[in-house]
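What follows draws every value from the coordinates through simple rules; no lab data is involved. Predicted, not measured: the structure shown is a model, and the values here were computed from it. Glycine also receives a Cβ, built like all others from the backbone with ideal geometry; neighbour counts cover every protein chain displayed.
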Amino acid sequence: MTAGGTPSGRPVRDPDPARNAAYWQRIQRLVDAAPPLSDRQRAAIRVAFHQTNDRREQAA
């Protein structure tokens, strides 16, 4: 078991193990079907997650 309490480490989205597995399979299919991110998109995501608390408060 890992951080999420499941073998995959993912959070449990449904208490029924079959429905929970189906949920994560659906998410994986969506991720697999998505086009890759450009370098610019990756940079924007990095900036968003590495903002200081002051900048987050200003944005709110």
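Tabulated data for the structure shown
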read-out: Residue-by-residue Karplus 3J(HN,Hα) for the range 41-48, coefficients 6.51, -1.76, 1.60, Hz, glycine and proline x; value: 5, 4, 5, 4, 5, 4, 4, 4
read-out: Most to least packed among 31-44, 13-26 [average Cβ atoms within 10 Å]; value: 13-26, 31-44
read-out: Amide H within-cut-off set for Arg13, under 5 Å, with H built and near neighbours excluded; value: none
read-out: Local net charge near Trp24, Cβ-Cβ under 14 Å (Lys/Arg +1, Asp/Glu -1); value: +2
